[in-house]
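Asks: What follows is a structure written as structure tokens; I'll ask about it next.
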Amino acid sequence: MCGIIGYTGRKNAVPILLEGLRCLEYRGYDSAGIAAAGADGIVCMKSKGRISDLEALLEARYPKLISHTGIGHTRWATHGAPSDENAHPHGTGLVFAVHNGIIENYAELRVRLKALGYSFHSDTDTEAAVCLIDYHYRRLRDPVSAIAAAVRELRGSWALGILFADREGELYATRHESPLVAASEDSGSYIASDITALLDHTDRYIRLDEGEIAFLNADGVRVCRMDGSVVEKEVQTVTWNRDAARRGGFAHFMLKEIHEEPEAILRTVGSCTRGMLPEFDADRLDWEAVCHAPHIHIVACGTAMHAGLVGKRFIEQYAGIPTSVEIASEFRYSPPIPAKGDLFIAISQSGETADTLAALRLAKSLAMDSLSLVNVVGSSVSRESDSVIYTCAGPEIAVASTKAYLVQLTVLYLLAVRLGFANGNLSEQEAQTLVAALASDAPPAVSRMIARSQEIRTVAEKIQKAEDVFFIGRGMDYFLAEEASLKLKEVSYIHSEAYPAGELKHGTISLITDGVPVVAIATSRALYDKMISNIREVRARGAFVVMLCGEDFPEPETIANTVIRLPALPEALMPLPAAAAFQLLAYHASVLRGCDVDKPRNLAKSVTVE
């Protein structure tokens, strides 16, 4: 879960590396470093902390450093605490590398390499990989052969950017289960974990596939297999405006991305409908078979898993297909016994989530049909699935996912309607009515919710000093409560938990004391009376109740301390404006508490390690 950048060409590499690291800082930000080939050999500078700490160190020690080839790294620690020593790049003097992923057999490699005379200066797994490449390079004297020999001995996941001190103007890269792209333009060639780091230079790129090795110089990129045979790669073009990856005048990316939600919903609906009926480009999917699937298994992590829980309700309501939702990291340890025709759905914003990718591979080994819902074209999950539906959120830079969640809900809603129409559970008119409501009513409702940001800020002011917050809901609202709780805790660091409202009296209500905030989500009229009873229970114990409810729900002010009324919508669409409301609540609480909104502590955006 780290960010990699590399450049070789005719321009000074140092500012390119630093700016690329700033674009990738959402992938990890506990330390950073660069290795740059200069007049006196390779200069390696690294520092615990943010990119600004690295810049200050470079300015102090190498204020006029000029280089035409270099690699950079911003880290999210896995092996070894954040420190100057554990920061990347790691090097031997002859070989320097940056790494995203985990080398699982690093300990045994260290033992072997120490016996060969290598010494280690960090606690990282990466250093073992660098020394192993060094060993093979000294033996074979060919970079591609050395990299191939080394990675054949590695177990785990990696994206590696590699410099050889005696190969001026050359940059090498390889990957296995960790994302990496390469690109070139007139002034040079680049590698990066994410195309967002390269948008100032080019909008055309290639994705490295498993086990491929890229050789880059000022004139371009050449990709080969482990045996040295050349691979012709398809050049892809970024489909969104590069300004979308910038803050655009907003104080934080998270706030910007919340404001982009109405447009993202519209864009997603437009890409997934024809004539007010769901129509997907998932052309490898046998819809005739899928609409009669005996069971659907949705597997995802974090926010995507919470979207899957809401999607389960959509699918069961509209398509009548039994659906289960499982956390990807647990899926492999209690794998299902699939029936013939079962469908596996993987949901991942990045398409690189390691646990989800591992679950997908298990599902394929069990001969399950697979469909992925992802935001990134050409990502690992999308390529390995039988079929894919893209969520069209555009780039999401803030670590806390916001608009990706809403477009995942949108796609799941449309998928449920598509399945229900295909299997006869819904008539054509019913399906068109449901899609029309989503297309015409939901985006304006989300916009109206976002326009009340200052109102929600006043609510955040009332909970910002709380040590604990509880979210409650019934039915689909409980699934929304799960995501609302995650958002608050990840960006504001307030401890929060979500519970089905009816479960509070079975133990958890013992934690409710005077002034403890309880956020009650009530979007279902059918369950409203039950929710009122649960709210009265916590009010009787002194809770400070914040209630999110429908615009026309009766007299919520008589039972809650403060009320956020949601725009009127069909019940199935209420999660969309509700999500915008609790995202803004988390955002404002984070700002009021002085937290780093876009880069919460200990977190990274793309979770590419298990």
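Asks: For every other residue with a beta carbon closer than 11 angstrom to the beta carbon of A264, add +1 if it is Lys or Arg and -1 if Asp or Glu, then tell me the sum.
Replies: -3
Asks: Let me ask something additional. Please list 506-513, 548-555, 309-316, 28-35 highest first by mean number of surrounding beta-carbon atoms within 10 Å per residue.
Replies: So the order, starting with the most tightly packed, is 28-35, 309-316, 548-555, 506-513.
Asks: Net charge near D123, counting Lys/Arg +1 and Asp/Glu -1 over other residues with Cβ under 15 Å of its Cβ?
Replies: Residues close to D123 contribute a combined charge of 0.
Asks: Using square roots of five times the C-alpha gyration tensor eigenvalues, list the equivalent-ellipsoid semi-axes of the range 36-192 in whole Å, biggest first.
Replies: 23, 19, 16
Asks: Relative contact order for the range 468-523: what is it in percent, counting Cα pairs under 8 Å that are at least 6 residues apart?
Replies: Here the relative contact order equals 52 percent.
Asks: Give the shape of the range 171-295 as rounded, prolate or oblate, defined through the alpha-carbon gyration tensor: a ≥ b ≥ c are the square roots of its eigenvalues, a/c under 1.5 means rounded, and otherwise the shape is prolate if a/b is larger than b/c and oblate if not.
Replies: oblate
Asks: A follow-up question, please. Which shape class, rounded, prolate or oblate, goes with the range 483-610 when its Cα gyration tensor gives a ≥ b ≥ c as root eigenvalues, a/c under 1.5 marks rounded, and past that a/b bigger than b/c marks prolate?
Replies: Prolate shape, in that a/c is at least 1.5 and a/b is the bigger ratio.
Asks: Compute the acute angle (0 to 90°) between the alpha-carbon long axis of helix 453-463 and the principal axis of greatest extent of the alpha-carbon atoms of the chain; round to the nearest 10°.
Replies: 90 degrees
Asks: Does anyone have the angle between helix 13-24 and the longest principal axis of the chain? Alpha-carbon axes, 0 to 90°, nearest 10?
Replies: 20 degrees
Asks: Over the Cα atoms of the range 245-397, Rg to Rh with Kirkwood Rh, two decimal places?
Replies: Rg/Rh: 0.98.
Asks: Within 10 Å of each candidate Cβ there may be at most 13 other Cβ atoms; applying that plus a DSSP loop requirement, which trypsin sites (Lys or Arg not before Pro) in the range 433-497 survive?
Replies: Passing sites in the range 433-497 are K465.
Asks: Please go through the residue pairs K462/K599; K340/K364; K489/K599; K487/K530; K11/K233; K256/K487 and name each one whose alpha carbons sit more than 21 Å apart in this structure.
Replies: With Cα atoms farther than 21 Å apart: K462/K599; K487/K530; K11/K233.
Asks: Summing Lys, Arg as +1 and Asp, Glu as -1, what charge do residues with Cβ under 13 Å from the Cβ of P143 carry, P143 excluded?
Replies: 0
Asks: Right, next: DSSP loop (so not H, G, I, E, B), at most 11 other Cβ within 10 Å: list which GluC sites (Glu not before Pro) in the range 417-494 pass both filters.
Replies: E467
Asks: Do the sum for the chain: with -39,500 (n - 2.57) for every DSSP H run of n ≥ 4, divided by all residues, what is the mean residue ellipticity at 222 nm, to the nearest 500 deg cm²/dmol?
Replies: -11000 deg cm²/dmol
Asks: Starting from the Cα of D514, step 7 Å along the direction of its Cβ; do the same at S365; then give the gap between the two resulting points in nm.
Replies: 5.8 nm
Asks: With an 8 Å cut-off on Cα pairs and a minimum separation of 6 or more residues, tell me the relative contact order of the range 144-190 in percent.
Replies: 28 percent
Asks: Per the 1.4 Å probe, what fraction of the accessible area of the range 145-218, in percent, lies on carbon and sulfur atoms?
Replies: Whole-percent figure for carbon plus sulfur exposure: 37.
Asks: Helix 575-592 against the longest principal axis of the chain: what's the angle in degrees, Cα atoms only, rounded to the nearest 10?
Replies: Between the helix axis and the principal axis of the chain, the angle is about 60 degrees.
Asks: Extension gain S334-F120, at 0.36 nm per residue separation less the Cα-Cα distance, in nm?
Replies: The S334-F120 span can extend by a further 73.2 nm.
Asks: Compute for the range 117-193: radius of gyration divided by Kirkwood radius, i.e. Rg/Rh, restricted to C-alpha atoms, rounded to two decimals.
Replies: Taking Rg over the Kirkwood Rh, I get 0.98.
Asks: Quick one: check the C-alpha center-to-center distance for the range 485-544 versus the range 38-93, whole angstrom.
Replies: 47 Å
Asks: May I ask you to list the aspartates and glutamates whose Cα is less than 14 Å away from that of K505, ignoring any residue fewer than eight positions away on the same chain?
Replies: By straight Cα distance, K505 reaches E537.
Asks: Please give the solvent-accessible surface of C595 in Å², to the nearest 10, using a probe radius of 1.4 Å with every protein chain present.
Replies: 30 Å²
Asks: From the square roots a ≥ b ≥ c of the eigenvalues of the alpha-carbon gyration tensor of the range 478-534, which class results: rounded (a/c under 1.5), prolate (a/b over b/c), or oblate?
Replies: oblate
Asks: Within the range 534-574, find all residues whose amide N lies under 14 Å from a label point positioned 7 Å from the Cα of T433 along Cα-to-beta-carbon.
Replies: Residues 570-572 fall inside that zone.
Asks: Additional query: Based on the Cβ-Cβ distance from A107 to A165, what FRET efficiency comes out when R0 is 30 Å, to the nearest 0.05?
Replies: Taking R0 as 30 Å, the efficiency between A107 and A165 is 0.65.
Asks: If you keep only loop residues by DSSP, which trypsin sites (Lys or Arg not before Pro) in the range 31-88 have at most 14 other Cβ atoms within 10 Å of their Cβ?
Replies: Here the trypsin sites (Lys or Arg not before Pro) that fit, given the DSSP loop and packing criteria, are K64.
Asks: Cα-based Rg (one decimal) and Dmax (whole number) for the chain, in Å?
Replies: 25.3, 79
Asks: With a 1.4 Å probe and all protein chains left in place, how much accessible area per residue does the range 106-200 have, in Å²?
Replies: 35 Å²
Asks: Given contacts defined as C-alpha pairs under 8 Å and at least six residues apart, what's the relative contact order of the chain, whole-number percent?
Replies: Rounded, it is 12 percent for the chain.
The values are calculated or read from the model by the stated rules, or taken from the named source; none is laboratory data. Remember, predicted model here, so these are calculated numbers, not experimental data. So basically every Cβ, Gly included, is an ideal-geometry build from the backbone, and we count neighbours across all protein chains shown. Ligands, DNA and RNA are excluded from the accessible area calculation, which covers all protein heavy atoms including side chains. Shrake-Rupley method; radii C 1.70, N 1.55, O 1.52, S 1.80 Å.
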